[in-house]
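Right, one structure below, let's go through it.
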Amino acid sequence: MTVRQVVVIGAGPAGLAAAASALAAGAAVTLLDAAERPGGQYHRMLPEEYGAARPGRLHHGWAAFERLRRRVLGHPRCTWLAETAVWALERPEPGHPGLPLVHTLTGPADGTDRPRRTLAPDALVLAPGAHDRVLPFPGWELPGVYAAGAAQALAKGERLVIGDDVLLAGSGPFLLPVAAALLEAGAGVRAVLEANPPRTVARGWARRPWELAEQPGKAAELAEYTALLAHRRVPYRMGRTVIEARGDGRVEEAVTARLRPDWSVIPGSEVTVAVDALCVSHGFSPQLELPLAAGCALLRSPAGEFVAVDGDQLTSCPGVYAAGEITGIAGAPAARTEGALAGWLAGGGDPATPALRRVRRNRDRGRAFAARLAAAHPVGSAWPGWLRPETVICRCEETDYGTLCRAATEEAGAAPRVAKLATRAGLGPCQARICGPTVAELTARLSGNSPGCPADGLPVAAPHRRPIAQPIRLGELASSPAPSEPDTKESTA
Amino acid sequence: MSPRLIRAAADATGRRPGRPLRITVDGEPVTGIAGQSIAGVLLAAGRTSWRTARSGAPRGVFCGIGVCFDCVLTVNGAPDVRACRRRAADGDVVTTQSRVEVADGDVAASQSRAEVADGDVVTTQSRADGSTDGAAGEGA
Ligand SMILES: Cc1cc2nc3c(=O)[nH]c(=O)nc-3n(C[C@H](O)[C@H](O)[C@H](O)COP(=O)(O)OP(=O)(O)OC[C@H]3O[C@@H](n4cnc5c(N)ncnc54)[C@H](O)[C@@H]3O)c2cc1C
Ligand code: FES
C-alpha cells in the first residue's frame with residue numbers, strides 16, 4: 001500500500017499540530033512555511049544566528065512547542081521545507097477528481113532564481129494564518145505608524161524596539177500581548193486604548209463567561225498581561241481610540257478621542273499626545289488567497305469572512321482541510337486543536353477514534369470563544385466618521401476617501417469591482433490585502449448596498465482573490481520545476 | 001527616539017553579541033548583525049522610511065510580516081524585495097525605490113529600467129485592468 005501524502009501549508013500552531021497528527025495517523029507529511037523557522041506568528045522564533053540561550057523567555061507554552069517541533073521535524077515520514085512559499089494552488093480541470101497541485105518556491109523572500117517545486121498531495125491542510133486588520137485614519141500612512149503585529153514581530157523575532165513613546169490603539173485582546181512584548185523589550189508604552197467601551201466588552205463576555213474560562217491557557221495569559229500593565233502603570237483605557245496621526249515625514253503626535261459604543265467620535269474629547277511610534281490593530285484578516293485558489297467556500301460572520309469548514313475541518317473542496325486563524329480568530333490554543341483534528345483526518349486517521357471526542361469538544365469550545373471574542377470586540381459601524389476626504393484608504397495607490405466617495409456614488413461605481421478599476425484602490429502591490437475589506441465595506445455603504453451585496457447582477461468582487469498568492473519573478477516562472485525529492489511525491493506537471 | 005536593537009548584554013533571551021554585517025543602502029554603508037531582516041537593519045540604524053510612494057510620501061515598515069508591501073526595496077539588483085521578510089546578508093547592495101511619477105508617465109525608480117525589466121515580479125497587478133477582474137468574478 002502506498003503511504004498517504006499530506007501537504008501542510010503553514011507551520012504555525014495550526015499547521016504544526018496538523019503535521020503531528022497526520023504523522024500519528026500514519027501519513028507522510030510535507031510541512032512547509034515561507035519563514036525560515038516553524039512557529040508561525042505565535043511562536044515566532046529568533047534567528048538561529050542570534051544564538052539565544054533562553055528563547056522561551058519571550059513565549060507562553062515554549063517547552064511544549066519545542067517538543068512538538070522536534071518530534072514533527074525529526075520524524076522519518078516528515079519533510080520540512082523551510083523558506084518555502086506557496087505561490088499558487090492549481091485546481092484540477094473541472095470535472096476531474098483530485099486535489100489542487102501545490103506550486104512552491106524555496107529560498108530567500110522575494111529572491112531570484114529560487115527553485116520551483118510542484119507537489120501533488122492526497123490531502124491538503126491549509127493553515128496560513130491571519131494578519132492585523134487596520135482601519136484607515138488620517139495620517140496612518142506616516143512612517144512610525146505600525147500594525148500592532150509588526151511591533152510584536154520585530155520585538156519577538158529580532159529584538160528590535162520600535163520606540164520609547166509608543167501608543168497602542170484599536171480593539172481586541174491582541175493589544176495586550178503586544179504591549180507586554182514592547183515592555184519586555186524596554187519600550188515605553190504610553191497607553192493601550194481599546195475602542196470599545198467597557199459595556200460592549202463586558203456584555204460580549206458576560207453572556208457566557210464560562211467560554212472564556214474554558215480556554216484556561218488564554219484566560220491566564222490575558223490575566224498576566226493585565227497584571228503587567230498595572231504593575232508598569234500603563235493605562236488601559238476603553239472607549240477611546242486614535243483618530244489621527246500627525247508628523248513631518250514620520251509620526252510625532254497622535255490625536256485620541258472618546259468614542260460612543262458605535263465608534264462615533266465624541267466632539268471635544270480630542271487629546272493630542274506626543275509619540276515616536278503608534279501601533280494599531282482592529283482585529284485580524286485571514287489570509288484567504290490560498291483557500292480561494294483551492295476553490296474553498298467562505299463563510300461571512302460578524303467578524304468578517306473566513307473559510308467555511310464542517311465538523312471535521314473539511315472545506316467545501318474534497319480532501320482540502322483548513323485550520324487556525326483562517327477559519328476564525330480564537331488564538332493559538334484553538335488553532336492547535338483545529339490543526340490536530342484536520343491533520344488526523346487528512347492523514348487518513350479513523351474519524352471514530354475515541355480520542356477525537358475530546359479534540360472535537362475543544363475545537364467547539366474554540367469556536368465559541370471566537371464568537372465571544374467577536375462579540376466583545378466588534379468594529380463599531382460609525383468608524384468612517386473619522387475619515388476626511390484626503391485620508392488615504394488604499395496605501396499602495398494612495399486612493400483617498402474623497403475619490404472613493406465620488407466613484408461609489410457615481411452610477412458605475414456601485415460595485416466594488418468597478419470602484420476598484422475607477423479609483424485604483426486595491427490594485428497596488430499588496431493586491432488589496434490591507435484595504436480590500438475596507439474598500440468593499442465603504443463602497444457598499446456609500447452606494448447604499450449592504451456589504452457584499454452584488455449590484456445590478458454583478459458578482460461580488462472577492463477582495464481576497466489573487467491567482468498568484470506570493471510574488472514570483474518571470475525568470476523563476478520560466479524555469480522548469482526542480483527534480484523530485486526521494487520522500488516527497490511530486491507531480492510531473 | 002528611533003527604533004533600536006536591544007543590547008545583547010541586556011537581552012533576557014541570553015543571545016550572543018552577534019556577528020556584524022555590512023550592507024550598503026544607496027551607496028552608504030549601514031551595519032547590522034547576522035539574523036536581522038533588512039528592515040531590522042535599517043530601523044536599528046535610525047531609518048524609519050526608505051520607499052517613496054507615488055505622491056512623494058515616505059514609507060517604511062507597516063505590517064512587518066510581508067503583507068502590505070510598503071517596505072519594498074531593491075536588493076542586489078532585484079526590485080520589490082520585502083525588507084521585513086528578507087534576511088540581510090553581508091555585502092547586500094540595497095537601493096531604495098520610488099513610485100513618483102515623472103512627466104512622461106513612467107514610474108521613476110532609483111534603479112535602472114533594465115534591472116526592473118529583468119527582475120520583473122509577476123503578480124495579478126500586471127493583469128489588473130482586465131483579466132484579474134475576470135478572475136474576481138468567477139465563482140465568488
Ligand atoms: C504579526 C502577528 C503577531 C502575533 N502575535 C501573537 C501573540 O504574541 N500572541 C497571541 O496570542 N497571538 C498572536 N497573534 C495571533 C496569531 O495569529 C494566533 O494566535 C496564532 O499564531 C494563529 O495560528 P495559525 O497557525 O492559524 O497561524 P500563524 O501562526 O499565522 O501561522 C501561519 C504560517 O503560515 C505561513 N504561510 C502563510 N502563507 C503562506 C504561503 N503562501 N506559503 C508558505 N507559508 C505560508 C506563515 O509564514 C506562517 O508561519 C499574532 C498575529 C500576527 C499577525
Ligand atoms: S512591512 Fe508590510 S510587507 Fe514589509
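The values are calculated or read from the model by the stated rules, or taken from the named source; none is laboratory data. Owing to the predicted nature of the structure, the values given are computational and were not obtained by experimental measurement. Here the Cβ positions follow ideal geometry from the backbone for every residue, glycine too, while neighbour counts run over all protein chains shown. In case anyone asks, the SASA skips ligands and DNA or RNA and just uses the protein heavy atoms, side chains included. Shrake-Rupley method; radii C 1.70, N 1.55, O 1.52, S 1.80 Å.
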Look through A:ASP312, A:ASP276, A:ASP364 and report the one residue that is touching a residue at least 60 places away in the same chain (Cβ under 8 Å) and of a type in the set (Asp, Glu).
A:ASP276
Inside the stretch B:56-78, can you point out the residues that are touching a residue at least 24 places away in the same chain (Cβ under 8 Å), within 9 Å of another protein chain (Cβ to nearest Cβ) and either more than 10 Å from ligand 2 (Cβ to nearest atom) or assigned to a strand (DSSP E or B) (or both)?
B:VAL72, B:VAL75, B:GLY77, B:ALA78
Heads up, the strands (runs of 3 or more DSSP E) in the stretch A:112-163 (entirely inside) with at least 2 residues that are crowded, with 24+ Cβ neighbours inside 10 Å and at the interface with chain B (Cβ under 8 Å from one of its Cβ atoms) are A:130-132, A:145-147
Output the residues belonging to the stretch A:368-394 that are under 28 Å from B:SER55 (Cβ atoms), part of a helix (DSSP H, G or I) and under 19 Å from the mean Cα position of the chain (by Cα).
none
How do the pairs read when you match residues in the stretch A:168-180 that are farther than 16 Å from A:HIS131 by Cα with residues anywhere that are more than 10 Å from ligand 1 (Cβ to nearest atom) and in a loop (DSSP other than H, G, I, E, B), using Cβ under 7 Å and keeping only pairs 6 or more apart or on different chains?
A:ALA179/A:VAL234
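Every residue, every condition in (1) open to solvent by 10 Å² or more (accessible area, probe 1.4 Å); (2) modelled with pLDDT of 85 or more; (3) in contact with a Ser or Thr (Cβ under 9 Å, 6 or more places away or on another chain); (4) closer than 22 Å to A:CYS296 by Cα, yes or no:
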| site | (1), (2), (3), (4) |
| --- | --- |
| A:ASP400 | yes, yes, yes, no |
| A:ALA412 | yes, no, no, no |
| A:CYS453 | yes, no, no, yes |
| A:VAL460 | yes, no, no, yes |
| A:ARG465 | yes, no, yes, yes |
| A:ILE472 | no, yes, yes, no |
| A:GLY475 | yes, yes, yes, no |
| A:ASP487 | yes, no, yes, no |
Selection from the stretch A:329-343 of residues more than 10 Å from ligand 1 (Cβ to nearest atom) and either of a type in the set (A, V, I, L, M) or more than 18 Å from A:ALA294 (Cα to Cα) (or both) yields A:THR337, A:ALA340, A:LEU341, A:ALA342
Could you please find all residues in the stretch B:79-105 being more than 13 Å from ligand 2 (Cβ to nearest atom), touching a strand residue (DSSP E or B) at 6+ places or on another chain (Cβ under 6 Å) and part of a loop (DSSP other than H, G, I, E, B)?
B:ALA88, B:ASP90, B:ASP92, B:THR96, B:ARG99, B:VAL100
A:PRO108 closer than 21 Å to A:GLN287 by Cβ and within 14 Å of chain B (Cβ to nearest Cβ):
yes
Going through the stretch A:164-177 one residue at a time, which ones are part of a loop (DSSP other than H, G, I, E, B), within 14 Å of A:VAL275 (Cβ to Cβ) and either among the aliphatic types (A, V, I, L, M) or open to solvent by less than 10 Å² (accessible area, probe 1.4 Å) (or both)?
none
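Let's see how each residue does on (1) open to solvent by 40 Å² or more (accessible area, probe 1.4 Å); (2) within 19 Å of A:ALA323 (Cα to Cα); (3) near ligand 1 (Cβ under 8 Å from one of its atoms):
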{"position": "A:THR2", "(1), (2), (3)": "yes, no, no"}
{"position": "A:ALA14", "(1), (2), (3)": "no, yes, yes"}
{"position": "A:ALA22", "(1), (2), (3)": "no, yes, no"}
{"position": "A:ALA28", "(1), (2), (3)": "no, yes, no"}
{"position": "A:ALA35", "(1), (2), (3)": "yes, yes, yes"}
{"position": "A:TYR50", "(1), (2), (3)": "no, no, no"}
{"position": "A:ALA64", "(1), (2), (3)": "yes, no, no"}
{"position": "A:PRO76", "(1), (2), (3)": "yes, no, no"}
{"position": "A:THR79", "(1), (2), (3)": "no, no, no"}
Return the total of residues in the stretch B:1-55 being more than 7 Å from every other protein chain (Cβ to nearest Cβ) and either open to solvent by less than 50 Å² (accessible area, probe 1.4 Å) or under 29 Å from A:HIS59 (Cα atoms) (or both).
25
List every residue pair whose Cβ atoms lie under 6 Å apart, where the two residues are 6 or more positions apart in sequence or sit on different chains, the first residue falls within the stretch A:395-410 and is in a helix (DSSP H, G or I), and the second residue, located anywhere, is of a type in the set (Ser, Thr, Tyr).
A:TYR401/A:THR391; A:THR403/A:THR423; A:LEU404/A:THR423; A:ALA407/A:THR423; A:ALA408/A:THR443; A:ALA408/A:SER447
Mind telling me which of the residues A:VAL320, A:VAL280, A:VAL309, A:VAL273 ends up being open to solvent by 20 Å² or more (accessible area, probe 1.4 Å) and within 16 Å of ligand 1 (Cβ to nearest atom)?
A:VAL309
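Can we say B:PRO58 is closer than 23 Å to A:GLY139 by Cβ, more than 16 Å from ligand 1 (Cβ to nearest atom) and surrounded by fewer than 24 Cβ atoms within 10 Å (Cβ to Cβ)?
Yes; evaluated as a whole, the condition is true for this residue.
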Count of residues meeting criterion [open to solvent by less than 10 Å² (accessible area, probe 1.4 Å), in a loop (DSSP other than H, G, I, E, B) and away from chain B (no Cβ under 14 Å)] in the stretch A:235-270
2
Selection status of A:ALA35, within 16 Å of ligand 2 (Cβ to nearest atom) and either over 20 Å from the mean Cα position of the chain (by Cα) or among the aliphatic types (A, V, I, L, M) (or both)
yes
Which residue out of A:ALA17, A:ALA28, A:ALA63 is more than 16 Å from ligand 2 (Cβ to nearest atom), over 25 Å from the mean Cα position of the chain (by Cα), farther than 19 Å from A:ALA469 by Cβ and among the small types (Gly, Ala, Ser)?
A:ALA28
Whichever residue in the stretch A:441-451 is more than 14 Å from every other protein chain (Cβ to nearest Cβ) and surrounded by fewer than 20 Cβ atoms within 10 Å (Cβ to Cβ) and, among such residues, is modelled with the highest pLDDT:
A:ARG445
Residues to consider are A:LEU182, A:LEU119, A:LEU160, A:LEU167; find the one that is within 15 Å of ligand 2 (Cβ to nearest atom) and either more than 17 Å from the chain's Cα centre (by Cα) or under 26 Å from A:PRO471 (Cα atoms) (or both).
A:LEU160
Pairs, first in a loop (DSSP other than H, G, I, E, B) in the stretch A:281-307, second among the acidic types (Asp, Glu) and more than 11 Å from ligand 1 (Cβ to nearest atom), C-beta under 7 Å, six or more apart:
A:LEU288/A:GLU305
